[in-house]
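Visitor: I have a structure here, written as C-alpha cells, and I will follow up with some questions on it.
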Amino acid sequence: MTNSIREIRDADCIFITGSNTAESHPVLSYEVVRAAKRGAHVVILDPRRVPLVDHATLFLQAKPGTDIYIFLAMMHVIVREGWDDQAFIAERTEGYDAFVEVLRPYTPERAALMTGVPIEQIEAAARIYALGERADGASLYGDGRGHSTILYAMGITQRRNGTDLVMTLANLAMLCGQVGKPSTGVNPLRGQSNVQGACDVGCLVNVLPGYQNVTDAARRQAVAARWGVEDLPGAVGLTVVEAMDAAAEGKVRAAYIMGENPMLSDPNTTHVEAALRTLDFLVVQDIFLSDTAQLAHVVLPAASSLEKDGTITNTERRVQLIYPVIPPPGVARPDWEITGEIGARLDERLGRDRDPATWRFPSTAAIMEEIAAVTPIYGGILHPRLEGAGLQWPCPNADHPGTPILHTAAFSRGKGFFNLVEAQDPAELPDAEYPLILSTGRVLYHYHTGTMTRRSAPLNWREPGGYVEINPEDAAAAGLANGDEVVIESRRGAVQTWVKVSTDVPPGTVFIAFHWREAPANMLTQDHTLDPVAKIPEYKVCAVRLKKPHAAQEAAASAAD
Amino acid sequence: MNVTAKPGAGVNAQENGNTHEDGRYRAVDDAIARLDYAPDALLEALNAAQESFGHLSEEALTYVARQLGVPLSQAYAVATFYEMYHLTPTGARHCLICTDPACAVAGAEAVLAAAEQHAGADGDVRVHRATCLGLCDQGPAALIDGRAYANVKADAVAALFNGGGAARAPAGDGRAARHDAPDRRARPDRPGRTPRRGRVHRPE
Amino acid sequence: MITLTIDGNSIQAAPGTTVMEAALAHGIDIPRLCYHPELSISGNCRLCMVEVEGWLNPTISCSLECQEGMVVRTQSAQLTAIRREILGLLLSDHPLNCLVCDKAGSCILQKYAYEVGLAGTPYPVEVARPLHQDDNPFFIRDHQFCIMCSRCVRVCDEVVGAHAIDIAGRGFHNHIATPFDGPMIDSSCVFCGSCVQVCPTAALLPASRKGLGREWELDRIKTICGYCGVGCEIEFAVKDGEILYARGTPEGPVNGEFLCTKGRYGWDFAESPDRLTQPLIRRDLAYALGLTDTPWALPETSVLEVEKPNIEDSFIPVDWDTALDVTATKLAETVQTYGPDAVMGLASARCTNEENYLFQKLMRLGIGTNNVDHCARL
Amino acid sequence: MLDPTDLDAHRAEGAFTGLNKALTAMTPEDVIEQIKMSGLAGRGGAGFPTGLKLQFTRAATGMPKYVVCNFDESEPGTFKDRVLMQGDPFRTIEGVILSAYAVGATEGFIFIRGEYPEAAAVVQEAIDTLYDAGLLGKDIMGSGFDFDLSIRRGAGAYICGEETALFEAIEGKQGFPRLKPPFPTTHGVFGRPTAISNVETLALMPDIVRNGGEWLKQWGGGKSVGIKLFCLSGHVKQPGVVEVPYGTTVRDLVERFGGGGFDGAPQAILMGGAAGGFLHPDNFDTPLTNEALNPLGAPIGSGVVMVFNQNVDLGAVLKTLARFFVHESCGKCVPCRVGTVQIAKLLDRITGGDGAPDDLARLESLGQMMRKSCLCGLGMSAPNAMLSTLAHFRPMYDRLIAGGGA
C-alpha cells in the first residue's frame, strides 16, 4: 500500500475495485465501515455483489474482465469535465498530453455498452473519486479537494492485463492528485500475512532483497560481496508457473518448496501434478502433509507462526515482530533453522569451504541485521526497534522513523509517468461450448488452500464444504436447484461441487472459492495466458459450462422413459 | 441512480415495482415507494405489513427488511419494541381496552374482563390491555379494529364486537368560543360513529 | 486548546474532547460500563456522572464536552450514592455467582461493586433475561449476565458493519437478539467475536475457554496473526502451554482490539493431530537408500483422490540429520549433473522475513539460480 | 359546527390569514420575533420558549432543516391534541407551515401515535386538501416558499412523545431517546436542525402571527403566558377539554367548567398525568401556573386535571401508574429500566400489607436518584407521582404500613 490502513477511516471517498474486502481483509473492511458511517462515499466496482456493498453508496456491477473500460471512461470524463488536478499534473507528472489522447475514444457511452454499468453511475463515480466528494458530513481535509483512496486486490492483479490495470489505477490517482496525501493513494491489499515481506526480501525471480534487479550488476555485486562471493546469477529465473512447465519438460529436475501448496494454489492442477511427479527430487517443508507434500521425497516438519519468532511485513509495509505462543509439536523446527542446515550441508557437498555462519545464525535478530545490511529499504529495521508498533519501510537507517505515506514529495522515478494503456479483453471469453464465465476467489472463513483453516474446529463448522455460486437465471436454465450437485467443466478439467443459488453473482458468471481440495477450482483455471510482466494467471476469468453429475443425468434420463 | 442527498439512502434497496402478485405485498411496496425506499420508512412499511398481513410474520418482516435494505435484526428489534406490532397471528378482530387511571376508576377492569371472556368464546378476537387511548373524558374506552368507542359498559361489550354502536357517545354540541376572543375556532370533530370528542367550552 | 479542572488537576484538551476522554488521558479513572473509546456514545449506564461547578444536577461525563474554565469533580458523596444505587439496581438483575464465573477478575461490574463496597443488592432479585444460547463453537451467549450496555450492538453495527444483533423488546425484559432469536448462523453474523471483545461481563464468552482457567491464572502473549496481510496484533491467553482463547488489545497498531473470525478463533489448527512432527522420507527413496526393505512406488492416482492421507502409507519417519543429509546430497547432485538452473525454489508468504531471506540466499548463493518465487502471484 | 376538513369554511372564518400575512408581509425573522415577544412556551409539558426554539433552529448551520409536529399524545389523562386535530386540523398545520417559514425548513412531519387512526385520517385529508389548494408543496400561496408535509405514524410507545425518541421512530428505529446535547434545534431528525413542537403550541401560532405577539399576553404572565387547554377527567361532572387562561385556580376549573366533582369533595387531583403529581385538597385554590404548581410536585405538564373522589384507593392508582412506567420504559438506561420495576415491587409490597417503614426511605432515595440520573424525561418523571404522595399524603402510607395494607 502507498498509504496506511488507519487513514482509510478518515477518507472522503473510498474506491474499492477487485477486492472482496469484508471476506479477504475483514479488519481492514472495518475501516471502510467506519468511514461509511462517518458519511464517506464508498464506491465499489466488482462483478459480484460483495458483502461490503451493504455499506456502499455506489455499486458498479461490471461484467467480469471489463473494469478497464470503467477506469478509462472515468478518466475520460474527469478530463472532459476538468475535474483533474492540473497543479499536481504540472508539478509531479509527465506524459499527460499523450495520455489524454489515448483516453479520447473511451467514452462513458462505450464503457456502458461494454460493462453493462449505466452511464450516470460511471460519471458519478468519476466525479466522486476525482473531487473526493462525501455523502454526508464535512471532510477532515481542507486543501480544496476531498481525499480519495483506491483499494484493490487480486480482482485487478489476477488478470492477463493485470499490470495494465494497476498502471491505470496509478494514472487515475495521478490525474486527480489523489496520491502522496493522507487517506489517498493506490493501495494493493496483499493476501498473505507475509507476502509483502517475502517480496521485500527477494523471493522473486527478477529481484534481490529490496527490489534490486538481478540484472543490475552493480547492485548484484554489492549483495554478492556482503555474502562473500564475487557475483551472483544475473539472469531472471523461472516463475512458479514457468518452472512447472520446465519441470514437465525435464529442464527443472529438483524443487525445494517451503510452506506452499501449489497443487491447489497453481492454475491447471492436473498439469502441476504431472510436473511435480517428473522431478528427480522434491523436498517440502511444511506444518501439515499438504497435497504437494504427499508427492515429496523428503518432508521436513516446520514450526507454525505461533511457534517461532521473527518478523513479518503486512500490506501497509509495517514490519512487525512475532513471538512464540506455544511449543512446536514433536521435533518440528523453525524454517530458518532447517534452511540454514540445508545451506551448510549443501556447501559441504559442493566442496565450498565457506564459513557455516553464512547459514547458521544464532537468532532471527541476527538474520535481520544481515537483511538490513543488504536491503536499502530495510536499512534501519532491527528487532530492538520493532517493539510495540513495528516500522513501515522504507526505513533507510537506524534513526529513520519509517514511512507511513509514499510519494509525498516525489515518485521513486522522480516525475510520475502516465503509462499508455489500452483496453484488453480476458484471454478466454465464453463461447457456445463454454458459455459461462468462472471467477475464483476466497471466502471469509477459509484461507488459501485450507490447510490450516479446514483444521480449525469452529471455522470448519461454519464453512465445511465448497460450493459454486450460480445466478438464479443460470441455475434455472441448467435445471439446477440450491443444494444440488453439479459438475463444472472447462478446457482444463472438471470439478464436482454443490450449487448455491445466489443473486450476488450476475447472470452469466459463476464463482468458486479455491480452498476445497475435494473440489479444486484450479482444475478449471487456464495457465496459457499470464500477465506479460507479472506472470500472474488470469484466475478471475475463464470459460466453463455446467453439467449435471452422471448419477443425476441417468436418473433424469430413466425418469423420462 | 442511488447517490441521493438524503442521508442513509442505502444502495441495496430493491427498486422493483409493485409487480408482486400477492396484493398484501403490494400494499407494503406502496408504503415503501411513497418514502422512496429510504431505510427510515421502516415504521410506515411495518404499519402497512401489519395491516395487510394481519401480523408481522417472519416472511413479511424479512420482505420489508430486504426491500428497505435494513438489517433484519433491526427490523425484528423494531417490530418487538412497539406495542401495536404483533409477531403472532392476532385473529380477525383486534381490541384494545384502556386501563389507565381515568378509565380504571370508571370501571375499565370489568370491561376488560368481559371482553376477554367474550374473546375466549369468539376465538377470532384478540383483546389487549392498553395504555391511555386519549378518551379519558369518556372512559372506559376501547379501540376495536381501529375504531374508538367510549363509555363502554361491561355488559355491552358483546354488542360492540358485532358492530353494535350502543356504547358510542353522542355527537359534539356546538361552537366552542374562547374567553373574549371571538374568532378562536376550536371545533369538536365530525358527527357520526366516532364518540363525542368532548366540548371545548369557555367561560363567558 | 481548552483549559479545565478535573478533581483539582488543571487539564488541557482539544475542542470537542469529552470530559471522560480528558480524564482518562490524565489517569483519572471515571466509572463506566457502556462507554468504549472505539464506539459511539450511548450514555445508558449512567455510572460516569460527574459534578460540574455551577450546574444544578450531576451529568454524564462520556458525552459532556470540555468547556473553558469548567470545574469538574468525579468523586463526591452524592456521586458515590448514585453509583451505589445504580450498581444496586444492576445487581438486582444479575446472578451473583462470581465464585464460578469465568469472567471473574476482569468483569467490570464486579470491579465497580467492589469499589463501592456492594456485596449484593438491597432490592429483591429478578433476573430479566433467562435465555442461554450455545448454538455455535465460537462464543456462548448467556443473557442472564447481560446488563444491556449495548456495546455489542454498537460494535457489530459501527465497526464490523454486520448489524447481526439489535435490542429487541422494550423495558425491563428487553434483550440482545438475532432476528427471531434464531441461531447465530442464520443471522448476518460473521463470527468475528468483536462483541465478545467489548462485552464487560460474562454474557459473551469464547466457547473455547469454558471452565478451563481463571483470568488471573493465564499468561498473555502478543504476536501478529498468521493469516491475511492486514497484520493484526493478537493477544493469546495461554495456560500450561495451551491456548484458551485469543483477544485483541487497545494497543494493536493496525487493528486495535478488533479481529476477524480467523484471527480470533482460527488458532486451533496448531493443535491438530495432523501436524507434522517428524522428518519423513518417501518409501521409494527410503528403499533406494536402504532405510527400509519393502519396495514401494508412488501410486498413479492423483493425490487429490486420497480422502485422508495416512503418513505411514507413503513415508517412513527419520531423524533430522538423515533427512537433511539426503536433501543436501540430492540437491547437490542435481546442481552438479544438470546445473543450478535445474533447481527451483518456492518460498512462502506465510513464513517470516528472516526465513524467506535465508531461503532466497540458499537458492542464489547456495545453489546459484534465480529460480526462486512464491505465491505472491497466486 | 364546521366540517373539520372543509377548507373554504375554515378560510371564511379566518384560517390561513396568519400564514398569508407572514408570507407576504413578514420576513422569517419577523415571525420569530412575534412568537418570542408573545411569550409562547411549549404546551406539550416541557414548556421551552417556542420563539427561542425557532431562532436556534434558523441559526443552525445544518441543511436541510425540518419541522415536526409532536402528535404522539400518550400521557395518561391527555386528549386535547386529539380534540384539536380531529376538530380543526388546519389550525395546527398552519402553525407547522409558519414554523417552517420561520426556520427555513423544506420538509416537515406530523408524528401521530398509532392509537389515533381516525385522527390520522382526518389530518391526511386536511393535508391532501391543502396540497390541492396550493397551501402545501411548491410556491405556497404564490410566495415562492416550498414546504412538504407528510404524516409519520407511531406504533404504540409512550416514550415516542419524547422528542428525540420521536426522531428515532421517524428514522425507522426503536424509540430510544438520544443524549442531549446536541439539542434538536441543531441535530434533530436525520441529524439535521429540527423545530419540534406540540400540537397545541402550533395551534396558537396562527393567532399570534395574525394578531401580533401582544395578543397572547392578554392572559397569564411570567413563565405562564396565554391560554392553555386542560383535560378534565375522572370524578368530574362534565369531563372534557377546557381552554382557560393561565392563573385560573384549580378549584375554579373543576367547579365552574367541570361542573364540580361528584360523590363529595375530591380526595386528590392528579395534575400533569402519570408524569405529574397528586394535588392535596388543601392546595385546590392554587392558580394554574407553572410557578405555583411546580413546587407542589403537581405540575401542569400536558394539562391533565384528573379528579379522584373520596372512595378511590390512591394506593391502587399509584400501582397502576407504577405499572404504566414499567410497561412504557424504553429500557435503554439502567436507573429507569430497573428502577421502575423496583418502585412497582415496593408499592406492591406496601399496599399488599408487608411493607416496612424503611421501604418509604428506599422509595424516596430511589425516586430522587432516578430524577437525577435517568437519561430522559420519562425516567426522571416516573417517580414524581409517588414522590408527591410521599410528601403530601404521608398518612396514607403510614396507614398502609401499620394497618397491613389496603
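Derivation of every value follows stated rules applied to the coordinates shown; laboratory data play no part. What you are looking at is a predicted structure, and each value in this text was computed from that prediction instead of being measured. Using ideal geometry, Cβ is built from the backbone for each residue, glycine included, and neighbour counts are taken over all protein chains shown.
Visitor: Find which of A:A427, A:L72, A:F288 sits farthest along the positive direction of the dipole of chain A, computed with +1 on the beta-carbon of Lys and Arg, -1 on that of Asp and Glu, about the Cα centre.
Guide: A:F288
Visitor: To the nearest 20 Debye, how big is the dipole of segment A:186-312 about its Cα centre, given +1 on the beta carbon of each Lys and Arg and -1 on that of each Asp and Glu?
Guide: Dipole size: approximately 240 debye.
Visitor: For all pairs of alpha-carbon atoms in segment A:5-189, what percent lies in each bin of width 5 Å, listed from the first bin to the last filled one?
Guide: 1, 9, 19, 22, 23, 16, 8, 2, 0
Visitor: Can you work out D for segment B:47-144 in µm² s⁻¹ from Stokes-Einstein, where Rh is the Kirkwood radius over C-alpha pairs, the temperature is 10 °C and the viscosity is 1.306 mPa s?
Guide: 107
Visitor: Can you list the residues, at least 5 places off or on another chain, whose amide H is less than 5 Å from the amide H of A:L282, using H built in the peptide plane?
Guide: A:A255, A:H297, A:V298
Visitor: Which residues' amide hydrogens lie under 5 Å from the amide hydrogen of A:V510, considering only partners 5 or more residues apart or on another chain, with H built in the peptide plane?
Guide: The list, which skips near neighbours in sequence, is A:I437, A:L438, A:S439.
Visitor: Further, regarding this structure: Remind me, relative contact order of segment C:277-332 in percent, using alpha carbon pairs under 8 angstrom and six or more residues apart?
Guide: Across segment C:277-332, relative contact order equals 49 percent.
Visitor: Follow-up. Restricting to Cα pairs below 8 Å that are 6+ residues apart, what does the relative contact order work out to for chain D? Please round to a whole percent.
Guide: 16
Visitor: Within 10 Å, Cβ to Cβ, of C:I2, how many net charges do the neighbouring residues add up to if Lys/Arg are +1 and Asp/Glu are -1?
Guide: -2
Visitor: Sorted from largest down, what three extents in whole angstroms do the Cα atoms of segment D:362-406 have along their principal axes?
Guide: Over segment D:362-406, Cα extents along the principal axes are 37, 16, 15 Å.
Visitor: Okay, moving on. With runs of 4+ DSSP H residues as the only contributors, calculate the mean residue ellipticity of chain D at 222 nm using -39,500 (n - 2.57) per run, divided by the residue total and rounded to the nearest 500.
Guide: Taking each H run of at least 4 residues, the total per residue is -13000 deg cm²/dmol.
Visitor: Students often forget the sequence filter, so: which aspartates and glutamates lie under 14 Å Cα-Cα from C:K222 once same-chain residues fewer than 8 apart are removed?
Guide: A:E307, A:D309, A:E387, C:E233, C:E235, C:E251, C:E257
Visitor: Now a separate question. Other chains near D:171-184: what is the mean number of their Cβ atoms within 10 Å of each residue's Cβ?
Guide: 6
Visitor: Take segment C:22-101, compute every pairwise Cα distance, and split them into 5 Å bins from 0; I just need the percent in each bin.
Guide: Here the calculated profile for segment C:22-101 is 3, 13, 22, 23, 19, 11, 6, 2, 1, 0.
Visitor: If the only charges are +1 at each Lys and Arg Cβ and -1 at each Asp and Glu Cβ, what is the size of the charge dipole of segment C:108-197 around the Cα centre, to the nearest 20 debye?
Guide: In debye, rounded to 20, segment C:108-197 gives about 240.
Visitor: For segment A:494-523, list residues with backbone N below 16 Å from a point placed 7 Å from the Cα of B:E59 toward its Cβ?
Guide: Under 16 Å, as judged by backbone N against the label point of B:E59, lies no residue of segment A:494-523.
Visitor: Divide, for chain D, the radius of gyration over alpha carbons by 2.2 N^0.38 Å, where N is the residue count. Write down the numbers at each step before the final one.
Guide: Values: Rg = 21.7 Å, N = 406, 2.2 N^0.38 = 21.6 Å.
Cα-based Rg divided by the globular estimate yields 1.01.
Visitor: Also, quick follow-up: Under a crude label model (7 Å from the Cα following the beta-carbon direction), how far is A:A398 from D:E291 in nanometres?
Guide: It works out to 8.0 nm between the two label points.
Visitor: Just the projected area, averaged over all directions, of the convex hull on the alpha carbon atoms of segment D:314-402: how many nm²?
Guide: Answer in nm², one decimal: 4.9.
Visitor: Take the Cβ-Cβ distance between A:D353 and B:A121 as r, set R0 to 60 Å, and report the resulting FRET efficiency rounded to the nearest 0.05.
Guide: Values: r = 106 Å, r/R0 = 1.77.
According to the calculation, E is roughly 0.05.
Visitor: Sticking with this structure for a sec: Residues in segment D:140-154, backbone N under 20 Å from the label point at D:R11 (7 Å along the Cα-to-beta-carbon vector): list them, ranges by number please.
Guide: Hits in segment D:140-154 for D:R11 at 20 Å: D:140-149.
Visitor: Please turn the phi angles of segment A:320-325 into ³J(HN,Hα) values with the Karplus equation 6.51 cos²θ - 1.76 cosθ + 1.60 (θ = phi - 60°), one per residue in order, whole Hz, x for glycine and proline.
Guide: 10, 6, 10, 10, x, 9
Visitor: What is the spread of the Cα atoms of segment B:93-161 along each of their three principal axes, largest first, in whole Å?
Guide: Computed over the Cα atoms, the extents are 30, 21, 18 Å.
Visitor: Here is a follow-up. A:K63: which lysines have alpha carbons under 30 Å from its alpha carbon, excluding same-chain residues fewer than 8 sequence positions away?
Guide: The qualifying lysines are A:K37, A:K500, A:K535, A:K540, A:K547, A:K548, B:K6.
Visitor: What is the distance, in nm, between label points placed 7 Å from the Cα along the Cα-to-Cβ direction at C:N57 and at B:R24?
Guide: Each label point lies 7 Å from its Cα, and together they span 4.5 nm.
Visitor: Could you tell me how far the Cα centroid of segment A:50-112 sits from the Cα centroid of segment A:463-486, in Å?
Guide: Distance between centres, Cα-based: 35 Å.
Visitor: What value in Å³ per residue do you get for the convex hull of the alpha-carbon atoms in segment D:7-218?
Guide: Looking at segment D:7-218, the number lands at 111 Å³ per residue.
Visitor: Running Debye on segment C:185-262 with equal point scatterers at the Cα sites and no solvent, what base-10 log of I(q)/I(0) appears at q = 0.10, 0.17, 0.28 Å⁻¹?
Guide: Ignoring solvent entirely, the Cα scatterers give -0.24, -0.70, -1.48.
Visitor: Something else now. For segment D:101-192, what class follows from the C-alpha gyration tensor (a ≥ b ≥ c being the square roots of its eigenvalues): rounded when a/c is under 1.5, otherwise prolate if a/b is larger than b/c, else oblate?
Guide: Cα axes put segment D:101-192 in the oblate bin.
Visitor: Something else: When a/c reaches 1.5 or more, the comparison of a/b and b/c decides; with that in mind, is segment A:195-355 rounded, prolate or oblate per its Cα gyration tensor?
Guide: rounded
Visitor: Just for the Cα atoms in segment A:403-445, what are the lengths along the principal axes, largest first, rounded to whole Å?
Guide: That works out to 52, 36, 9 Å along the principal axes.
Visitor: Which FRET efficiency value, to the nearest 0.05, do you get for C:T3 and A:R110 by plugging their Cβ-Cβ distance into 1/(1 + (r/R0)^6) with R0 = 56 Å?
Guide: Once the sixth-power term is evaluated, E becomes 0.35.
Visitor: Further question on the same structure: Taking K and R as +1 and D and E as -1, what net charge do the other residues with C-beta under 10 Å from the C-beta of A:C176 add up to?
Guide: The answer is -1.
Visitor: If you don't mind, there's one more thing I want to ask. So what are segment A:321-454's ellipsoid semi-axes, whole angstrom, largest first, if each one is the square root of 5 times an eigenvalue of the alpha-carbon gyration tensor?
Guide: Working: eigenvalues 285, 165, 81 Å².
In descending order, the three semi-axes are 38, 29, 20 Å.
Visitor: Could you give the nm distance between label points at C:K222 and A:L429, where each point is 7 Å from its Cα heading toward the beta carbon?
Guide: Inter-label distance under the simple model: 5.4 nm.
Visitor: Please give the length that would be gained between C:T301 and C:E333 if that part of the chain were fully extended, namely 0.36 nm times their separation in residues minus their C-alpha to C-alpha distance (nm, one decimal).
Guide: Using 0.36 nm per residue and subtracting the Cα-Cα distance, I get 8.6 nm.
Visitor: Further, regarding this structure: Within 10 Å of each Cβ in peptide D:275-288, how many partner chain Cβ atoms are there on average? Round it to a whole number, please.
Guide: Partner Cβ neighbours, averaged per residue: 0.
Visitor: If a helix is a whole DSSP H run, which ones in chain D reach 18 Å or further along their own axis (Cα) and hold a mean Kyte-Doolittle hydropathy of at least 0.5?
Guide: On the way: long enough: D:89-103 (21 Å, 0.99); D:117-132 (22 Å, 0.17); D:199-211 (19 Å, 0.53); D:314-328 (21 Å, 0.85); D:334-351 (25 Å, 0.57); D:357-373 (25 Å, -0.79).
Flagged H segments are D:89-103, D:199-211, D:314-328, D:334-351.
Visitor: A further question follows. Explain nothing, just the number: relative contact order of chain C, from Cα pairs under 8 Å at least 6 residues apart, as a whole percent.
Guide: Numbers: 586 pairs, mean separation 35.1, N = 378.
Normalised by residue count, the contact order of chain C is 9 percent.
Visitor: Write down the Kirkwood hydrodynamic radius of chain A, to one decimal in angstroms, obtained as one divided by the mean of 1/r over all alpha carbon pairs. All intermediate terms of the calculation are to be shown ahead of the outcome.
Guide: Working: mean 1/r = 0.0394 Å⁻¹.
For chain A, inverting the mean 1/r across all distinct Cα pairs yields 25.4 Å.
Visitor: Helix-only mean residue ellipticity at 222 nm, chain C, DSSP H runs n ≥ 4 weighted -39,500 (n - 2.57), per residue, nearest 500. What is it?
Guide: Calculated at 222 nm, the ellipticity per residue is -6000 deg cm²/dmol.
Visitor: Now a separate question. Select from D:L202, D:G301, D:G14 the residue farthest towards the positive end of the dipole of chain D; place +1 on Cβ of Lys and Arg, -1 on Cβ of Asp and Glu, and compute about the Cα centre.
Guide: D:G301
Visitor: Per residue of segment C:272-289, in order, report the coupling 6.51 cos²θ - 1.76 cosθ + 1.60 (Karplus, θ = phi - 60°) as ³J(HN,Hα) in whole Hz, putting x for Gly and Pro.
Guide: Going residue by residue, I get 5, x, 6, 4, 6, 10, 9, x, 10, 10, 5, 4, 5, 5, 4, 4, 4, 8 Hz, with x marking Gly and Pro.
Visitor: Strictly greater than 22 Å: what percent of every Cα pair in segment A:436-560 meets that?
Guide: Result for the distance tail: 38 percent.
Visitor: Which whole-percent values make up P(r) of segment C:93-236 when all C-alpha to C-alpha distances are grouped in 10 Å steps starting at zero?
Guide: The calculated distribution, bin by bin, is 10, 38, 36, 15, 2, 0.
Visitor: Normalized C-alpha radius of gyration of chain C, against 2.2 N^0.38 Å?
Guide: 1.38
Visitor: Between A:W461 and C:E242, what FRET efficiency comes out of the Förster formula 1/(1 + (r/R0)^6) with R0 = 25 Å and r the beta carbon distance, rounded to 0.05?
Guide: With a Förster radius of 25 Å, E is 0.80.
Visitor: Name the long-range amide H neighbours of D:T249: under 5 Å, sequence gap of 5 or more, or other chain; modelled H, no Pro or chain starts.
Guide: D:L288
Visitor: Now for a separate question. What value does the protein assembly as shown have for Rg/Rh, both radii from Cα atoms and Rh as Kirkwood defines it?
Guide: Here the Rg-to-Rh quotient is 1.03.
Visitor: What net charge is computed for the residues neighbouring C:F138, neighbours being all others with C-beta under 15 Å from the C-beta of C:F138, Lys and Arg scored +1, Asp and Glu -1?
Guide: Around C:F138, the charge tally is +1.
Visitor: Also: Cut-off 10 angstrom, C-alpha nodes, Gaussian network model of chain C. Which of C:L64, C:L90, C:L56 fluctuates the most?
Guide: In this elastic network of chain C, the residue with the biggest mean-square fluctuation among C:L64, C:L90, C:L56 is C:L56.
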